[in-house]
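First comes the structure, then the notes that go with it.
The values are calculated or read from the model by the stated rules, or taken from the named source; none is laboratory data. Treat the numbers as computed from the prediction; the structure is a model and nothing was measured. A quick note on method: Cβ atoms are made from the backbone with ideal geometry, for glycine too, and the neighbour counts reach across all protein chains shown.
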Amino acid sequence: MTTMYPKQNDSTLEKLESQDVTETDVDADRSSSSNSVPITIFNEKEQRRIVRHIDRRVVAVLGAMYAVSLIDRFTTGVAFITGMGVDLELKGSRYNMINAMFFVPYVLFQLPATVLLRKIGARYFLSTTTFLWGVTTICGGFVSSWTELMALRMCLGLWEAGFFPSCLYLLSSWYPRYDLQKRNAGFFLIGLVPSAFCGIIAYGISHMNGLGNGPEWWGKHNIEMNPAGIPIGISYGGGIAGWRWIFIIFGAITCVIAIWGYFLVVDFPEKLLVDGSRGCYVKFLTREEASWVVDRIEKDRNDVMPTQFNILEYIKYAGDLKVWGIALIYGLVGLIGYGIGFALPMLLIDTMGFSVARALCLSTPPYLLAAIVTWFVAVYSDKWRLRSPFILVCLVLVFIGLCLIGFASNHAAQYFGVFFAALPQCAMVPALLTWQANNIRGQWKRALVSAFSVGTGAAGGLGGSFIFKTGDEPHFYPGIATCLAAIFACIVVVLLLLLKFMRANKRAAAGGKPIEGLEGFRYTL
């Protein structure tokens, strides 16, 4: 089968090159696009080849960079149980405060980050921020107090603030609405699967304890006891403590990935069409292939070209009720997911009685199963063009898992519950973000909504840092109860949004108000 696709007309390209496009210009070009001469022809096999090439250069590269983001973010959990807690005297709520400080700048800098992505360019913005958080992670191996680590976590939150929403925005700009969840899931899984082995790898790295040279306080702190078991002082092991090596090695890997990303990250498709090789360092698509990609997105939702940036218009998009609804769900899912993610080593050790080594090994299988569920949900969600039913099923499974962790009477049942509880960090995130992207039109609105949703997710993570506290062991009932309440609230909001979307679709089908200002556009349920 041979399909014919038109290139963008000359006036469109001129406006793209000028980077000064108004709403009127966009509408005029869209109206005239139907009259453009179809001169680029790709058959079905060639189209699949182009899409696979995009998958490799967009999804795979961003996913690899996201993997080191997750690893660096959750390194503190493994470092805590391999000696950092003792060496930095993380008593009371100090560990929770260290985790929480990451989210303060992470929340505040979400919105400007996606604007900077457009202005600076994806290759420069994403590779630079990745390199900076890699350096920050390395510095975590040389702190002398918990307050220094807390300051570094704030820096880490600043550098990582724009990465995730920028990746989501970039992905949504390359794919039509009903090809997107598989790509979001692929991006997420490429990031998640390596990070699932983070605990095992970090435990191995911790056995480098004593290697290297430096001040004595870089070594492992050994608490000396008198015959009555009362602490009488601290002696320092030689070399560098094992938990410090975890930060140093993971940070160095991140810096290498950042440099690799500088050469492979690609910009937005319409920029690539205009800039050619300037949109990426290593050759990517031909001009004809880029034209086909741009036209495909235009046919899907008619918003491929960004309008001129206006801060008031940008902020105005936050008044859309569905933006707040999806952001609220994502914030609650962040509360659950981050809470479980930070607390999982403690749950396995204090609640289920596993040793440190066994706990780190057992933290991996739940996320691997969740990865399989994530891909299954993505494939069938795109195939059936449905999002909310899959989100609701995942929420119910998480509810069951948390009940098993908190209230089951044997450790096997509790550990089985961990498999279900891992779903917020996996299957639900791509589904939610794709549901959001499917129901939004406009480049700047998509940029704002991506940042806004991820920002509320980070705010949820800030709360999640405190819901499982030392002192609540072995059952951590307050944390379990908080997560269960959050799941119930998520279900209610999902159902309300679903009702709103169904009514809007019915009204538009009857000739009423067009959805998102475009005739024929329908909300994805």
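If the condition is being touching a Cys at 6+ places or on another chain (Cβ under 6 Å) and under 17 Å from residue 376 (Cβ atoms), then region 387-440 contributes 395, 423, 427, 428. Looking for whichever is without any contact (Cβ under 8 Å) to a residue 40 or more places away in the chain and touching a helix residue (DSSP H, G or I) at 6+ places or on another chain (Cβ under 6 Å) here; the options are 159, 146, 174. Which one fits? After applying the criteria, what remains is 159. Among the numbered conditions (1) under 29 Å from residue 77 (Cα atoms); (2) out of contact with any Gly (no Cβ under 8 Å at 6 or more places or on another chain); (3) at pLDDT below 90, the only one that residue 181 does not meet is (1).
When residue 300 is tested against (1) modelled with pLDDT of 85 or more; (2) surrounded by fewer than 20 Cβ atoms within 10 Å (Cβ to Cβ); (3) in a helix (DSSP H, G or I), only condition (1) is not met.
Out of 72, 55, report the one residue that is touching a helix residue (DSSP H, G or I) at 6+ places or on another chain (Cβ under 8 Å), at pLDDT 85 or above and either exposed (fewer than 14 other Cβ atoms within 10 Å of the Cβ) or among the acidic types (Asp, Glu) (or both). The match here is 55. The requirement of being over 30 Å from residue 219 (Cβ atoms), surrounded by 13 or more Cβ atoms within 10 Å (Cβ to Cβ), modelled with pLDDT of 50 or more and within 33 Å of the chain's Cα centre (by Cα) is not satisfied by residue 26.
One line per residue, one yes/no per condition, for (1) surrounded by fewer than 17 Cβ atoms within 10 Å (Cβ to Cβ); (2) in a helix (DSSP H, G or I):
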residue	(1), (2)
379	yes, yes
386	yes, no
389	yes, yes
394	no, yes
401	no, yes
434	no, yes
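Of the helices (runs of 4 or more DSSP H) lying entirely inside region 98-161, the ones with 2 or more residues being of a type outside the set (Asp, Glu) and more than 21 Å from residue 65 (Cα to Cα) are found at 103-108, 146-160. In this entry, residue 354 passes the filter for residues that are among the aromatic types (Phe, Trp, Tyr) and part of a loop (DSSP other than H, G, I, E, B). Restricting attention to region 155-179 and to residues that are of a type in the set (Gly, Ala, Ser), over 12 Å from the mean Cα position of the chain (by Cα) and closer than 15 Å to residue 117 by Cα, the residue that is surrounded by the most Cβ atoms within 10 Å (Cβ to Cβ) turns out to be 172.
Quick one: which of 499, 448, 484, 462 is in a helix (DSSP H, G or I), without any contact (Cβ under 8 Å) to a residue 60 or more places away in the chain and in the same structural domain as residue 353 (by TED's automatic domain parsing)? It would help to see each step written out before you state the result.
Numbers: 448 fails: without any contact (Cβ under 8 Å) to a residue 60 or more places away in the chain; 484 fails: without any contact (Cβ under 8 Å) to a residue 60 or more places away in the chain; 462 fails: without any contact (Cβ under 8 Å) to a residue 60 or more places away in the chain.
That would be 499, the only listed residue that is in a helix (DSSP H, G or I), without any contact (Cβ under 8 Å) to a residue 60 or more places away in the chain and in the same structural domain as residue 353 (by TED's automatic domain parsing).
Per-residue answers, yes or no, for (1) closer than 20 Å to residue 99 by Cα; (2) in contact with a Lys or Arg (Cβ under 6 Å, 6 or more places away or on another chain); (3) at pLDDT below 85:
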| position | (1), (2), (3) |
| --- | --- |
| 437 | no, no, yes |
| 449 | no, no, yes |
| 456 | yes, no, no |
| 470 | yes, no, yes |
| 473 | yes, no, yes |
| 477 | no, no, no |
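Can you find a residue in region 79-99 that is in contact with an Asp or Glu (Cβ under 8 Å, 6 or more places away or on another chain), in contact (Cβ under 8 Å) with a residue 40 or more places away in the chain, closer than 17 Å to residue 251 by Cα and in the same structural domain as residue 268 (by TED's automatic domain parsing)?
Within region 79-99, the subset in contact with an Asp or Glu (Cβ under 8 Å, 6 or more places away or on another chain) is none.
No, there is no match, as no residue in region 79-99 is in contact with an Asp or Glu (Cβ under 8 Å, 6 or more places away or on another chain), in contact (Cβ under 8 Å) with a residue 40 or more places away in the chain, closer than 17 Å to residue 251 by Cα and in the same structural domain as residue 268 (by TED's automatic domain parsing).
Within this structure, residue 89 passes the test of being of a type in the set (D, E, K, R) and not in a helix (DSSP H, G or I). Mind checking whether some residue in region 494-501 is closer than 30 Å to residue 402 by Cα and β-branched (Val, Ile, Thr)? Yes, the conditions are met somewhere in region 494-501.
Only one of the numbered conditions (1) closer than 17 Å to residue 494 by Cα; (2) assigned to a helix (DSSP H, G or I) is not met by residue 440, and that is (2). Here region 75-108 is the region considered, the condition is being under 15 Å from residue 471 (Cα atoms) and among the hydroxyl-bearing types (Ser, Thr, Tyr), and the residue that is farthest from the chain's Cα centre (by Cα) is 93.
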